[in-house]
Amino acid sequence: MRRSEFDRAVADEFGARASAILVDLVLSGAGGRTAVEALDAGVPPREVWLALCAETDVPAQRRYGVGRLEPRR
């Protein structure tokens, strides 16, 4: 997962709350850091996304493959 895919996935899943969740929610799966802190520390976006999903109870079917753009034709 690229950072741009992470950003799209977060925006799609959390909508208007996305920016607050990224800076305020401490993720136990990311070493007790917020998503922004974890990304800044070099944690891969996929790991941060999965930690964010676990912390906010995002259903499994919405965790994988999100954030990708449709293939160009």
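Read-outs: derived from the displayed coordinates by stated rules, not from any lab. Since we're looking at a predicted model, the values are computed, not measured. Neighbour counts run over all protein chains shown; Cβ positions are idealised from the backbone, glycine included.
Provide the packing ranking of 54-62, 13-21, i.e. peptides ordered by the mean count of other C-beta atoms within 10 Å per residue, highest first. Walk me through the numbers before you get to the answer.
Numbers: 54-62: 11.1, 13-21: 13.6.
Those peptides, ordered most packed to least, come out 13-21, 54-62.
Using packing as a proxy for protection, rank 36-42, 4-10 so that the peptide with the highest average count of other Cβ atoms within 10 Å comes first. All intermediate terms of the calculation are to be shown ahead of the outcome.
Working: 36-42: 14.4, 4-10: 18.3.
The most tightly packed comes first, giving 4-10, 36-42.
Working from Cα positions, state the angle (0 to 90°, nearest 10) between the long axis of helix 3-14 and the longest principal axis of the chain.
Approximately 80 degrees, to the nearest 10.
Report the FRET efficiency, 1/(1 + (r/R0)^6), for Tyr64 and Asp7, where r is their Cβ-Cβ distance and R0 is 25 Å, rounded to 0.05. Before the final figure, lay out each step's value.
Details: r = 17 Å, r/R0 = 0.67.
Here the calculated transfer efficiency is 0.90.
Can you give me the angle between helix 45-56 and the longest principal axis of the chain, using Cα atoms only, in degrees from 0 to 90, rounded to the nearest 10?
That works out to roughly 70 degrees.
Along the positive direction of the dipole of the chain (beta-carbon charges: Lys, Arg +1; Asp, Glu -1; about the Cα centre), which of Tyr64, Val48, Gly15 reaches farthest?
It is Tyr64.
Once the Cα gyration tensor of the chain is found, what semi-axes does its equivalent ellipsoid get, as square roots of 5 times the eigenvalues, in whole Å, sorted largest first?
20, 13, 11
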